[in-house]
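Q: Can you read through this structure? Questions will come right after.
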Amino acid sequence: DVSIRLSAELADSSLIARRMASLSQMLCAAPSYLQAHGRPASAAALRGHALLNYSLAHAPREAGESSQAPSEARANVNNSLMLRDLLVAGLGIGALPSFLARPAIAAGQLVALDLADQAAQARHVYAVYPTQRHLLPKVRAFVDFLAEELPAAMGEDC
């Protein structure tokens, strides 16, 4: 009845999408990866590194618009937990939602990379549900609950 999606922007569709919260992103890599490959200081320096990509996060792009395309990445995954695990394993550099990155950084498994010339794009949490003339009460109640509780539950990450 309801899908929860984490994305920079959703493509147009016949579904209703309600934004619940916004998440900051943190560019990260494992200490072992940085020791073996060096620490990039700029966005341009990322070109020589193994990039790991969360494939569902990218907004639809116009033809010819430049960005880190999924095809440029060493790996494309559609699961944030898998991305975190690949990063912790030392397989490359990637952007994680802060709620996943912070615990791994605190545990010494990942290092946050601050590139002076690039900020990570925010991602948003959406509740997505079918268009209906009369929304099911259970769907309305769940979406309203999320809208009220999710920002407080996420604290500083929202």
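Q: When you go through (1) assigned to a loop (DSSP other than H, G, I, E, B); (2) at pLDDT 80 or above one by one for residue 82, which number turns out not to apply?
A: (1)
Q: Okay, moving on. Could you list, in sequence order, the residues of segment 113-145 that are of a type in the set (A, V, I, L, M, F, W, C), modelled with pLDDT of 90 or more and open to solvent by 30 Å² or more (accessible area, probe 1.4 Å)?
A: 141, 142, 145
Q: Count, please, the residues in segment 90-111 that happen to be part of a strand (DSSP E or B) and either touching a Ser or Thr at 6+ places or on another chain (Cβ under 9 Å) or free of Cβ contacts under 8 Å to residues at least 24 places away in the same chain (or both).
A: Residues in segment 90-111 being part of a strand (DSSP E or B) and either touching a Ser or Thr at 6+ places or on another chain (Cβ under 9 Å) or free of Cβ contacts under 8 Å to residues at least 24 places away in the same chain (or both): 2 in total.
Q: Starting from residues that are surrounded by 13 or more Cβ atoms within 10 Å (Cβ to Cβ) and in contact with a Leu (Cβ under 8 Å, 6 or more places away or on another chain), keep the ones in segment 54-75 and report whichever is modelled with the highest pLDDT.
A: Among those residues, the one meeting the criterion is 75.
Q: Going by the conditions given, is residue 6 modelled with pLDDT under 85, within 30 Å of residue 137 (Cβ to Cβ), open to solvent by less than 50 Å² (accessible area, probe 1.4 Å) and not polar (S, T, N, Q)?
A: The answer is yes for residue 6.
Q: Out of (1) open to solvent by less than 70 Å² (accessible area, probe 1.4 Å); (2) of a type outside the set (Phe, Trp, Tyr); (3) over 20 Å from residue 39 (Cα atoms), what's the single condition that is false for residue 148?
A: Failed condition: (1).
The values are calculated or read from the model by the stated rules, or taken from the named source; none is laboratory data. Because the structure is a prediction, the values reported are computed rather than measured. Don't worry about glycine lacking a Cβ; one is built from the backbone with ideal geometry, like all the others, and counts go over all protein chains shown. Please note that ligands, DNA and RNA were not included when accessible areas were found on the heavy atoms of the full protein model with its side chains. Shrake-Rupley method; radii C 1.70, N 1.55, O 1.52, S 1.80 Å.
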